[in-house]
1. Using the 10 angstrom Cβ neighbour count as an exposure proxy, how do W10, W46 rank, fewest first?
2. Collect residues whose amide H, placed 1.01 Å from N in the peptide plane, falls under 5 Å from the amide H of C92; neighbours closer than 5 in sequence don't count.
3. If Lys and Arg each add +1 and Asp and Glu each add -1, what is the summed charge of the other residues whose beta carbon sits under 9 Å from the beta carbon of P25?
4. With each label point set 7 Å from Cα along the Cα-Cβ vector, what nm distance links S9 and T99?
5. Once Rh is set to the Kirkwood radius over Cα pairs, what Stokes-Einstein translational diffusion coefficient, in µm²/s, holds for region 12-54 at a temperature of 25 °C and a viscosity of 0.890 mPa s?
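Bear in mind these aren't lab numbers, they're just calculated from the coordinates by the rules spelled out. Nothing here was measured: the structure is a model prediction, and the numbers come from that model. Neighbour counts are summed over all protein chains in view; Cβ atoms, including those assigned to glycine, are modelled from backbone coordinates with ideal geometry.
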Amino acid sequence: MSTRRKRRSWSDEEKREICAQAVLPGASVAQVARRYSANANMIHNWLKDPRFARIPADLGHVEDASFVELKLIPAACPATPGVAVPPPAPVCASRVDITLSDGRRVLIEGPTALSAVMGLVQGLMG
């Protein structure tokens, strides 16, 4: 008696749904493959196929990007006569990911001063 498994066939709609889940922020192809009892390499191949892999809306419209002028003004510190106070070390992050209320996403990668990010956020809110 043979114990061969039957090959599963996936409809185009199922492939599109699986690919859409695989490209979500924070998702991994391996996790999605386990969820559907599929092979991760097969999903990677589907992601290369334009029939199944859709570009997320926030990544597909670069022409909709806009820039906000940002002017950083150093914070005023009260002067203490005769006492030199060293400036505080800047707080930095290596990656900042901001999702705006309208669904747009701002991703900043690389060493970034959080004071600059706060200025950007204030500019976007204004």
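1. Least to most surrounded, the residues fall as W10, W46.
2. Under 5 Å from the amide H of C92 lie the amide H atoms of L114, each far enough along the sequence or on another chain.
3. Details: positive: R105; negative: D97.
With Lys, Arg at +1 and Asp, Glu at -1, the neighbours total 0.
4. For the pair S9/T99, the computed spacing is 3.7 nm.
5. This corresponds to a translational diffusion coefficient of 248 µm²/s.
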